[in-house]
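Reviewing the structure listed below.
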Amino acid sequence: MKEFNKVNLAILPTPLQLMPNLTEELGTGDLYIKRDDLTTVGLSGNKIRKLEYLLAEAKAQGATTLLTYGGAQTNHGRLTVAAATKAKMKSILILSGPEPEYISGNLVLDKLMGADLYFTEGDKAAKAKEVMQAYEAAGEKVYEIPMGGSNELGALGYFYMVEELKTQFEEMGISPKFLIAGVGSIGTFAGLWLGIQHFGLDLKLVPISVTPEAFFTEEEAADYINRTSEFLGLTQHCQKEELKWIYGDGEQSYAGIGYNQPDRQTQEAIRLLARTEAIFTDPCYSGKVFHGFVDTCKKHLSTEESAVFLHTGGVPGLWTKEHLDHMQTMLKE
């Protein structure tokens, strides 16, 4: 396997914790949580593992500014800004949709860290090209990061997270049946899939889609995994038939009604983890994945088996105006 440089941003390993109260309430085997919401910098989350490698490449190229994309409440954007701040670099976010009148959630944190925000209802790539030209004309060197930090280099973060997880399993004497994780821009999933194959874990990776229509098809994901495997100098190969995104089961819709749109089922899942373990998830990503985790464990996990929920962070999303407004009825019950 090839060697790659990285910048240390995260405090690793992140904890792998038993959730005893949730386990008791659901009546399943032991339920664990991998706390990648605690990777530290910028209120953190999973994207920091990717950004450690992307930032190293940016610095090696002499970049002075990081630019990336996302929705207005992008967690990846917040953490890209955090990585730039730690590296004493400028940061630019190209955000889809109109500029909101009321600043909340991740946008507050982006602004506090000094990010330059550009909103567009048109072609984000065209907007980014225009912005990059302006910055480079002013003497900056801009390093462009794809949505979610999801490229072959970024996937390294979750490839090596599997090695970290394997060590924790061995130290704790456990052999979980499931690792349940979200699927959005697929970079985290691709790294996990390759890591499980490469490090030889007997572990079923369950991919919960965070949208009713996934950003990428299983065929596109398999192609990305195989390009990543070649890029990293690995031998693993993925067939599209090996991948199947999980959107829900019966009346249980894990993906909600749309990307970052409030829905009651996700809110109830967020409340379940909060009231049993005092751990918070967000309504756009981790709350949906946790909903899928709970349903999967209730239906497919015996009392002799265990499972792991990968918490990818995103908690500032709880404090966006649209989600706060929608949760008022539930919170007053």
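For the structure I just gave you, tell me whether G62 is out of contact with any helix residue (DSSP H, G or I) (no Cβ under 8 Å at 6 or more places or on another chain), farther than 30 Å from E171 by Cα and modelled with pLDDT under 95. Show your work before the answer.
Values: out of contact with any helix residue (DSSP H, G or I) (no Cβ under 8 Å at 6 or more places or on another chain): yes; farther than 30 Å from E171 by Cα: yes; modelled with pLDDT under 95: no.
Judged against the criteria, G62 is not a match.
Among the residues of region 276-333, write down those that are aromatic (F, W, Y) and within 16 Å of S209 (Cα to Cα).
The answer is Y285, F290, F293, F309.
Applying the selection to region 206-242, what residues are of a type in the set (A, V, I, L, M, F, W, C) and over 18 Å from the mean Cα position of the chain (by Cα)?
A222, F231, L232, L234, C238
Out of region 176-203, which residues are over 12 Å from the mean Cα position of the chain (by Cα), in a strand (DSSP E or B) and over 15 Å from E163 (Cα atoms)?
F178, I180
Is it fair to say P262 is touching a residue at least 12 places away in the same chain (Cβ under 8 Å), of a type outside the set (G, A, S), out of contact with any Phe, Trp or Tyr (no Cβ under 9 Å at 6 or more places or on another chain) and open to solvent by less than 10 Å² (accessible area, probe 1.4 Å)?
no
Would you mind stating whether K34 is open to solvent by 30 Å² or more (accessible area, probe 1.4 Å) and either closer than 30 Å to P262 by Cα or not small (G, A, S) (or both)?
no
Can you spot a residue in region 98-117 that is among the basic types (K, R), open to solvent by 20 Å² or more (accessible area, probe 1.4 Å) and more than 23 Å from the chain's Cα centre (by Cα)?
Taking every residue of region 98-117 in turn, none turns out to be among the basic types (K, R), open to solvent by 20 Å² or more (accessible area, probe 1.4 Å) and more than 23 Å from the chain's Cα centre (by Cα).
Counting residues that are under 30 Å from L192 (Cα atoms), which strands (runs of 3 or more DSSP E) fully inside region 27-130 reach at least 2?
Of the strands (runs of 3 or more DSSP E) lying wholly inside region 27-130, those with at least 2 residues that are under 30 Å from L192 (Cα atoms) span 31-35, 65-70, 90-96.
Tell me, yes or no, whether region 20-27 has at least one residue that is open to solvent by 10 Å² or more (accessible area, probe 1.4 Å), of a type in the set (D, E, K, R) and either under 23 Å from Q133 (Cβ atoms) or modelled with pLDDT of 95 or more (or both).
Within region 20-27, one or more residues are open to solvent by 10 Å² or more (accessible area, probe 1.4 Å), of a type in the set (D, E, K, R) and either under 23 Å from Q133 (Cβ atoms) or modelled with pLDDT of 95 or more (or both).
Out of region 42-64, which residues are over 15 Å from the mean Cα position of the chain (by Cα) and surrounded by fewer than 21 Cβ atoms within 10 Å (Cβ to Cβ)?
Within region 42-64, A56, E57, K59, A60, Q61, G62, A63, T64 meet the criteria.
Check G287 against each of (1) more than 21 Å from F189 (Cβ to Cβ); (2) of a type in the set (G, A, S); (3) free of Cβ contacts under 8 Å to residues at least 24 places away in the same chain and name the one condition it does not meet.
It fails just one condition, (1).
Across region 163-175, which residue is nearest to the chain's Cα centre (by Cα) among those that are outside any helix (DSSP H, G or I) and of a type outside the set (S, T, N, Q)? Lay out the reasoning, then the answer.
Taking region 163-175 and keeping what is outside any helix (DSSP H, G or I), we get 173-175.
Filter once more, keeping what is of a type outside the set (S, T, N, Q): 173-174.
On the way: G173: 27, I174: 25 Å.
It comes out as I174.
Does Y135 satisfy the condition of being open to solvent by 10 Å² or more (accessible area, probe 1.4 Å), at pLDDT 95 or above and closer than 16 Å to G70 by Cα?
Working: open to solvent by 10 Å² or more (accessible area, probe 1.4 Å): yes; at pLDDT 95 or above: yes; closer than 16 Å to G70 by Cα: no.
Answer is no for this residue.
I need every pair where a residue in region 211-229 that is open to solvent by 10 Å² or more (accessible area, probe 1.4 Å) has its Cβ under 6 Å from the Cβ of a residue that is in a helix (DSSP H, G or I) and of a type outside the set (A, V, I, L, M, F, W, C), sequence separation at least 6 or different chains.
E218/K240; E219/K240
Just name the residue that is most open to solvent (accessible area, probe 1.4 Å) out of those in region 168-186 that are at pLDDT 95 or above and either within 15 Å of D223 (Cα to Cα) or of a type in the set (V, I, T) (or both).
The extreme case among them is I174.
Can L9 be described as in contact with a helix residue (DSSP H, G or I) (Cβ under 9 Å, 6 or more places away or on another chain), within 30 Å of A138 (Cβ to Cβ) and not in a strand (DSSP E or B)?
Yes; evaluated as a whole, the condition is true for this residue.
Limited to region 271-316, what total is found for residues that are open to solvent by 10 Å² or more (accessible area, probe 1.4 Å), part of a helix (DSSP H, G or I) and under 21 Å from W245 (Cα atoms)?
So the count comes out to 7.
The values are calculated or read from the model by the stated rules, or taken from the named source; none is laboratory data. Computed from a predicted model, the values in this text were never measured in an experiment. Ideal geometry is used to build each Cβ from the backbone, glycine not excepted, and the neighbour counts take in all protein chains shown. All accessible areas refer to the heavy atoms of the entire protein, side chains included, with ligands and DNA or RNA removed. Shrake-Rupley method; radii C 1.70, N 1.55, O 1.52, S 1.80 Å.
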